[in-house]
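Here is the structure we will look at.
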Amino acid sequence: MAIIDGMARRPSAAFFLSLVLCLPAAALRGAPDSQRPTLETLNALFDGARAARPAAAVAPRSDLDSWLGRERGIALQRMLANVSPPGAAPGSVAASPSRSNPDYWFNWKRDAALTMNEIVALYRAATAPAQKQAWFKLLRDYADFARRAQTAPSQSGLGEPKHNMDGSVFTGPWGRPQDDGPAEEASTLIAFARSLLAEGRKDLALKLYGDFASGIKGDLEYVSHHWSQTSFDVWEEVKARHFDTAVAQREALLQGAGLARALGDPRAAAWYESQAGLIAAELGRHWDASKGYLVSAIGRDGGLDYKASGLDSAVILAAIHREPGGDPAFSVTDPRILATAWALKQSFRTGYALNRRADAPGVAIGRYPEDRYFGGNPWVLSTNAFAELHYKAASEYLRRGALTIESASLAFFQDIVADTPLKAPTTVRAGEPLFDRVVAGLREGGDSYLRVVRAHANPDGSLSEQIDKDSGYMTSARDLTWNYASFLSALRARRAVVAALKTASIDAMMRATMGLWAAWLFYWWLAGRSVEKAEKTESLLSRALHLGILACAFLFLFSDQLRVGFMGRRIIPEALFIEAVGLGLTTAGLLLCVWARVHLGRFWSGEVQLKEGHRLIASGPYAFVRHPIYTGFLLAVCGSAVTLGEVRGLLILAATIAAYARKIRLEEELLNSRFGAEYDQYERRTWALLPFVL
């Protein structure tokens, strides 16, 4: 029985078109359900003609951004090809289409959950109704498949690691149980349920939540009652208490507690939180101070026994799969996580021949140093995970506005900024040069891992499970679904840090703009203390009107509390170059004001007035325009509006122009009355604001 109703079960060719190209809903009507997409069909959607081109044509050594843009389409296409593939049950996720050497034609609970978590992200980001409904269908089918797998009798209950692609239970010998699977599955479905709640679809979220035997609650009940037992790891090789499993379990329980409360199940929420607290207390046991890193497995009671170092990239997977911004313990910025990342990098840097090459674009990352599977090679998903770790750490430091270098993480940071000696403990705050260098180094570090993936990807952009440690060619299972999901996840993290860096730069531009205005206002106040007495001036009401308009303009310009509704809508693209142009215009405008103010001297006034002994000034900028201070002021407001880039900036500029147009008219009437023919002659040889224009 379907958990969520509302769409046909089998995706048609039109469905995939809508999924990727966001066709209007009308284009989907009438497409027969029997049309199942082939790899060739999907290739056509993503310019699959690349597959027939030589490597140089597919992935030229151009800039990384261009390649990432192309590879994203390929990764999305090939990931989707393994979701509900032809001949499989709807909602199943094939680990790989490879059916021999190795046979990965199974639905692994863990792999499926991490893949569908990317679909949740796509669902949240979708704006077009047809596209959103397409992602919804994939998630609904996945939830149905998971429910059927949960309730089917098996050797290890919900800890069963994988199912056949038709949904039947795999009964062959395998490493059982694998208790990270139920936790990852719960986290993905919780994320989907939270999206539904945000849309006001509580009934659908309740269906996903389920009961003690199945659904999200079924997984959470299993996790909360089995977390203390040993199980097999993410690599399915060692039975022990695993760091990554425990982190996944704790994360699922905490997220599940929040969902349970939202759905009216407070007793379950309290239970899940209590068990998450117990897991947190146990996680500290994985830190080995003598080794200087987190040991992945403790208390081994089965499986392989040759992983002596305890180093494992699964620790990094655990950190990046957590919700950002929560408890910093064992997050991407935890010194113990960073220490483990550095130890792994050092081990793989020297352990793989391809990493020792002089032209290596970066360090390819494997599973663990003692790995023997397929000869023990770097893995694409592990390398992607290191990229994501660096991006997420940079984003988190930018969010906090500070970072702390501790003794455990000193080597990691020293590797990031190799030419600057560091010491611990040190707290570095935003605005300090070292902070900027570390954040930039983290972003570049993440890019170096994606350059590794680019260097070793297949000519058509496809990604096999592993990278041969000697030749650098792809090897093992082709089109590993988790590879594509991890690549897309790393790209999301990269986009986030790029956006955060851009925001930080733009914020710096706005702060610089505010600083310029503050300095200008101080000078204006100081210079205004030594002027001649007024002989004739405008009315108090006229002056109040002008100042009122300017005060409102400045409030709207610099107060975020007033960026309400359409006022805060961006109309100028957010780009550092554009912000710099805006800052330059502001600077030029205010300098012009100062230049004109110097030449006007003691005859300046903020009001429309004549001074005692007033004479006509025609030097400096006044030789070309009659109101250079207003020209400069309007130019500065224009520059600030460009830096702001929002609708309110345009309105502020319009209001300021109106205010000064009125003031210019009043001022010229007053000057004409005083200087008569002399002013007429001055008007004929000058411009009001802009030479040759106005």
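The values are calculated or read from the model by the stated rules, or taken from the named source; none is laboratory data. Keep in mind it's a predicted model, so treat the numbers as computed, not measured. Ideal geometry is used to build each Cβ from the backbone, glycine not excepted, and the neighbour counts take in all protein chains shown. Please note that ligands, DNA and RNA were not included when accessible areas were found on the heavy atoms of the full protein model with its side chains. Shrake-Rupley method; radii C 1.70, N 1.55, O 1.52, S 1.80 Å.
How far, in nm, would the chain grow between ILE578 and LEU666 when pulled straight, counting 0.36 nm per residue and subtracting the alpha carbon separation? Could the numbers behind the result be given before it?
Numbers: separation 88, 0.36 × 88 = 31.68 nm, distance 3.53 nm.
Gain in length upon complete extension: 28.1 nm.
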**Fill in**
Filtered hits (aspartates and glutamates, Cα-Cα < 20 Å from LYS502, offset >= 8 within chain) -> ASP63, ASP65, GLU388, GLU396, GLU432, ASP436, GLU444, ASP447, ASP560, GLU574, GLU579, GLU646
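So, R0 is 56 Å and r is the distance between the beta-carbons of GLU323 and TRP687; what FRET efficiency does that work out to, to 0.05? Intermediate results must be reported in sequence, preceding the final value.
On the way: r = 60 Å, r/R0 = 1.07.
Rounded to the nearest 0.05, the efficiency is 0.40.
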**Message:** Quick check: from the Cα gyration tensor, does the stretch 446-492 come out rounded (a/c under 1.5), prolate or oblate?
**Reply:** oblate
**Among (i) 1.03; (ii) 1.21; (iii) 1.14, the entry derived from the coordinates for Cα Rg over 2.2 N^0.38 Å** = (ii)
**Prompt:** Using a 1.4 Å probe, what is the accessible area per residue for the stretch 143-232, in Å²?
**Reply:** 35 Å²
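Using R₀ = 35 Å, calculate the FRET efficiency as 1/(1 + (r/R₀)^6) where r is the Cβ-Cβ separation of ASP415 and ALA125; round to 0.05.
On the way: r = 33 Å, r/R0 = 0.96.
It comes to 0.55.
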**Asked** Over what distance in Å are the Cα centres of the stretch 108-180 and the stretch 301-336 separated?
**Response** 23 Å
**Item:** Calculated from backbone phi, Karplus (6.51, -1.76, 1.60) coupling profile of the stretch 190-203 in Hz, x at Gly/Pro
**Value:** 5, 4, 5, 4, 5, 5, 5, 4, 5, 8, x, 10, 4, 4
**Asked** Any idea what angle helix 433-456 forms with the longest principal axis of the chain, computed on alpha-carbon atoms, 0 to 90 degrees, nearest 10?
**Response** 50 degrees
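Sort 637-645, 284-292 for me by packing, meaning the mean count of neighbouring Cβ atoms within 10 Å per residue, highest on top.
Working: 637-645: 24.4, 284-292: 13.8.
So the order, starting with the most tightly packed, is 637-645, 284-292.
Using a/c under 1.5 as the rounded threshold, could you call the stretch 286-388 rounded, prolate or oblate? The axes a ≥ b ≥ c are square roots of the C-alpha gyration tensor eigenvalues, and prolate needs a/b larger than b/c, oblate otherwise.
Numbers: a/c = 1.76, a/b = 1.18, b/c = 1.50.
Oblate, because a/c is 1.5 or more while a/b does not exceed b/c.
Arrange the residues TYR682, TYR306 by how much accessible surface each exposes, largest first, with a 1.4 angstrom probe.
Values: TYR682 5, TYR306 55 Å².
Largest accessible area first, the residues go TYR306, TYR682.
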**Message:** Take SER542 and THR427, extend 7 Å from each Cα along the Cα→Cβ direction, and tell me the distance between the two endpoints in nm.
**Reply:** 5.7 nm
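Within the chain, what whole-number % of the accessible surface is contributed by carbon and sulfur, with the 1.4 Å probe and all protein chains included in the calculation?
Roughly 59 percent of what the probe reaches on the chain is carbon or sulfur.
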**Fill in**
A chain fully extended from GLN155 to ALA588 at 0.36 nm per residue, minus the present Cα-Cα distance, gains in nm 148.3 nm
**Message:** Ranking request for peptides 684-691, 467-474: highest mean number of other beta-carbon atoms within 10 Å first, then the rest in descending order.
**Reply:** 467-474, 684-691
**Prompt:** Leaving out same-chain residues fewer than 8 places away, which lysines sit with a Cα under 19 Å from that of LYS217?
**Reply:** LYS109, LYS202, LYS207
**Complete:** Ordering 135-147, 512-524, 256-268 by per-residue average of other C-beta atoms within 10 angstrom, highest first, gives 135-147, 256-268, 512-524
**Fill in**
In degrees, nearest 10, the alpha-carbon axis of helix 64-81 is tilted away from the dominant principal axis of the alpha carbons of the chain by 40 degrees
**Item:** Cα-projected label distance for TRP524 with SER505, points at 7 Å along beta-carbon direction, nm
**Value:** 3.0 nm
**Message:** For the stretch 439-532, what does the accessible surface come to per residue with a 1.4 Å probe? Please give it in Å².
**Reply:** 39 Å²
**Request:** Filter the cross-link list LYS423/LYS469; LYS291/LYS469; LYS162/LYS345 down to pairs whose alpha-carbon distance in this structure exceeds 28 Å.
**Result:** LYS423/LYS469; LYS162/LYS345
**Message:** Suppose only helical runs count, i.e. DSSP H with n ≥ 4. What mean residue ellipticity at 222 nm does that imply for the chain under -39500 (n - 2.57) per run, divided by all residues and rounded to the nearest 500 deg cm²/dmol?
**Reply:** -18000 deg cm²/dmol
**Asked** Protein chains only, probe 1.4 Å: how do TRP482, TRP595 rank by accessible area, largest first?
**Response** TRP595, TRP482
**Added length on full extension, which subtracts the Cα-Cα distance from 0.36 nm per residue, ASP305 to LEU555** = 83.2 nm
**Nonlocal amide H pairs with VAL238, under 5 Å, H built at 1.01 Å** = ASP233, LEU304
**Prompt:** Between ILE657 and LEU64, what is the label-to-label distance in nm when each label sits 7 Å out along the Cα-to-Cβ direction?
**Reply:** 4.3 nm
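Using DSSP, restrict attention to beta bridges with both residues in the chain and report what percent are antiparallel, rounded to the nearest 5.
Working: 26 of 27 bridges.
Taking every DSSP beta bridge within the chain, about 95 percent pair in antiparallel fashion.
Could you tell me the calculated FRET efficiency between ALA623 and SER228, based on Cβ-Cβ distance and R0 = 56 angstrom, to the nearest 0.05?
Working: r = 86 Å, r/R0 = 1.53.
In this case the efficiency is close to 0.05.
Restricting to DSSP loop positions (anything but H, G, I, E, B) with no more than 13 other Cβ atoms inside 10 Å of their own Cβ, which trypsin sites (Lys or Arg not before Pro) remain in the stretch 307-407? List each step's numbers first, then the result.
Working: sites: LYS307, ARG322, ARG336, LYS345, ARG349, ARG356, ARG357, ARG367, ARG372, LYS392, ARG399, ARG400; in loops: LYS307, ARG322, ARG357, ARG367, ARG372.
Counting only loop positions with at most 13 other Cβ atoms within 10 Å, the trypsin sites (Lys or Arg not before Pro) in the stretch 307-407 are ARG357, ARG372.
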